[in-house]
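What follows is one structure encoded as structure tokens, with my remarks underneath.
The values are calculated or read from the model by the stated rules, or taken from the named source; none is laboratory data. What you see is a predicted model, and the numbers here were worked out from it, not measured in a lab. Ideal geometry is used to build each Cβ from the backbone, glycine not excepted, and the neighbour counts take in all protein chains shown.
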Amino acid sequence: MTSIPTEFQNVTAVTRANVYFDGKVVSHTILFPDGAKKTLGLIYPGQFHFGTDPVI
């Protein structure tokens, strides 16, 4: 099993966030020195549905 890091060194957290459900679901982009881009998400308790049906 891969261990989950407790801290990331030398990263940039983009302050502009994607905000959904009146702020109860928020995600930020995290940029790593090697060019990798990941997302850090915060989800408050609740039930949320993201529609994934294709737009026609």
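Go through region 2-56 and report how many residues are at positive phi and either loosely packed, with under 10 Cβ neighbours inside 10 Å or charged (D, E, K, R) (or both).
Taking region 2-56 first, the residues at positive phi are 10, 21-23, 35, 46.
Filter once more, so that each one left must be either loosely packed, with under 10 Cβ neighbours inside 10 Å or charged (D, E, K, R) (or both): 10, 22, 35, 46.
Looking only at that region, the number is 4.
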Grab the strands (runs of 3 or more DSSP E) fully contained in the chain, keeping just those with 3 or more residues being polar (S, T, N, Q) and at pLDDT 90 or above.
12-20
Consider SER27 carefully, then state whether it is of a type in the set (S, T, N, Q) and more than 15 Å from the chain's Cα centre (by Cα).
no
State yes or no: is ILE43 of a type in the set (Val, Ile, Thr) and touching a strand residue (DSSP E or B) at 6+ places or on another chain (Cβ under 6 Å)?
yes
